[in-house]
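Down below is the structure, laid out as structure tokens.
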């Protein structure tokens, strides 16, 4: 009987995951590995590819607007914003080969404090060996930097089912054509004028710092020009970052880029007092907030004109 | 190791497989202890030394108290245990809070230098296991309990992995006898029980665990998003939004904590151990004291037995009783975390209990008044009680004083800004639907308290359907990131 009970649990698991693989996995999800693979394996036209890399700080720039600006002066160029939520050098390095294969004309890499933080407690250095890290390295999928979000897909399915009843508006999710790895929702467009931010003391992850240098080294080896820029933050965010952390970040960027003669554009505090933010570290996707995308476009233009 | 991570499922299956293969009780206990220490070490690393230190201290002090005949010596030994346990708890949990308060006090008097914060990592589960070990030595001191015969058994009582990090706070008198339970072995007399996975415990345990996962991962994690959104910056929001956020947080914390408890009780039951229940449909409580008989029962009964009664309980004057209630709830609030918002939460509950008791003292006939025995009277009592219980969740959730006061004001003084109700609900459809579903399920379980027993004793085919519905609900509404349990932070 005990065996039957265990088998019953396995049957329930089997049914659940069969449904999951039949229903959830085939649904396109712009965050998923499949879409990343699709992007990298598609047939690109002959235009010069300009890539922008980084996390959501970068991903939320308006790629449509940037492309409009660039195409006026450089009609043979196209800008792809390859930023995605939660990116960091440890994840980005896994896609480096695909990025190099695209043979980009130039890469603009946005790097901020949050991209280097130790996020997982298990990654903190402990005096005794950490079994969690060992098991995570076995259990986790090394290729997929962004886990599939079943909830996101389930809600999408439900919305599609009830489309005719007008229960859900279609505008809840939207995509920008040259930002293949970003999904936007209506809250991304709202400018919040009452911003407050607090955080616990953070520390930088040495492996992320090392991988950032490795990325620059590899791109240099492949003769791909790189420009680094520091994405902007609201004053409430910058106020709570300790000075020693700011110094450490700046000297890390300078040391990493000096070696390869890379230019750095500083956006960190450029808009700190403006009302363009949806939260203390993300600019809203809004016509009132286009200054960020305008400046990104200007940066690209000035580098292309060199 | 989070219960909701795949790591725990693998760990638990391996523990079950090995425990079934071991034939000797003593080895089973050694294995369970090793597994429990591994479970703790997995996420707490070197902080396991505190758990071991606390275990060794109380084991030997317990023995010494028991063997001593001198009352003064007993008192000194008990004091050492209390100072040791509360010292550990105080140092790791409250040192930085105390330093911050001291620095603020210094600022008030224009002191230029500040004491630097220690920035200590809070050892997971320390609030729970120190209370377990304290109750052990106090019970021995009171003569209610004989000490554990071996260090191994006592260590297993303290570190037993299902309840180690967030309770329920188990008493030694409930747990230790289970390690030495004897079974009749007809002709050869009695034999000490082995850990055997039996059919009914396994099926009920899995049912309970599945229900716990549902509460945590389907309800709490999805509904909690609404509370997070509302309380991230509540200033400027209308009363309806604040009330919805409060309601969402009340459901989130219940689903989160009682879900954890269900998983813990279910896992322990599969291993053949009975852990006392921690929740009994608290949102159907008809008075503040009834609420504390239903919410976090192991903590409230601990506070009653080791704090409220020693302070005099309700055996002294009315005013002394009110003071005792305030003092106990103040400390109960502080136990949750080193922050003033928890103190306010505790004091609010202290005032509810004191006011409720003073009303009953003044009008004793209310206790037996037919209105409060009627269905309608009960509904009114539940609604009034829950209004205040949910009001108290605001300071529990919101630590920023301005945000807290604003939210409380909007909750108490309803602003009747009805124009935002439809847009708010329309932009939060999923949490709103889940909240309704949660209340329906909660109500059904209230009406049919044996629902889980019935499900677990149903035919296997029906049981598979039940499990599949639960697994599908969890997997299809999982956002890819496991959320930790709120009570892990305490």
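Counts of other chain beta carbons within 10 angstrom of each beta carbon in peptide B:454-467 average 2.
Sorting B:343-355, A:86-98 by average packing, meaning the other beta carbons within 10 Å per residue, from highest down gives B:343-355, A:86-98.
Legend: mean number of C-beta atoms from other chains within 10 angstrom of residue C-beta atoms, peptide B:24-36, equals 0. In terms of Cα atoms, the Rg and Dmax of chain B work out to 23.9, 81 Å. Measuring between their Cα centroids, the range B:278-345 and the range A:34-85 lie 59 Å from each other.
When peptides B:300-308, B:447-455 are sorted by average Cβ neighbour count within 10 Å, with the highest value leading, the order is B:300-308, B:447-455. Based on alpha carbons, the Rg and Dmax found for the range B:291-363 are 11.8, 38 Å.
What value, in deg cm²/dmol to 500, does the helix sum -39500 (n - 2.57) over DSSP H runs of n ≥ 4 give at 222 nm once divided by the residues of chain B?
On the way: 23 runs with 328 residues, N = 490.
Taking each H run of at least 4 residues, the total per residue is -21500 deg cm²/dmol.
Most simply put, the protein assembly as shown has about 35% antiparallel DSSP beta bridges, counting only bridges with both residues inside it. Each principal axis of the Cα cloud of the protein assembly as shown was taken in turn, and the coordinate range along them, longest first, works out to 91, 63, 62 Å. Where q = 0.16, 0.17 Å⁻¹, what log10 of I(q)/I(0) comes from the Debye formula for the range B:202-327, counting one point per Cα? Those come out to -0.92, -0.97, one per q.
Each Cα pair under 8 Å and six or more residues apart adds its separation to the average, and for chain B the resulting relative contact order is 18 percent.
The peptide list A:254-266, B:416-428, B:139-151, put in order of mean Cβ contacts within 10 Å with the highest first, becomes B:139-151, A:254-266, B:416-428. Scaled against the 2.2 N^0.38 Å expected of a compact globular protein of N residues, the Cα radius of gyration of the range B:200-489 reads 1.05.
For the residues of A:8-14, the average number of beta carbons from a partner chain within 10 Å of their own beta carbon is 6.
The separation of the range B:207-227 from the range B:1-75, counted between C-alpha centres, amounts to 28 Å.
With a Cα-only, solvent-free Debye model of the range B:6-186, what are the log10 I(q)/I(0) values at q = 0.10, 0.16, 0.19 Å⁻¹? Values returned for q = 0.10, 0.16, 0.19 Å⁻¹ are -0.49, -1.01, -1.24.
The separation of the range B:121-155 from the range A:278-306, counted between C-alpha centres, amounts to 60 Å.
Bear in mind these aren't lab numbers, they're just calculated from the coordinates by the rules spelled out. Quantities reported herein were computed from a predicted structural model and do not represent experimental measurements. Using ideal geometry, Cβ is built from the backbone for each residue, glycine included, and neighbour counts are taken over all protein chains shown.
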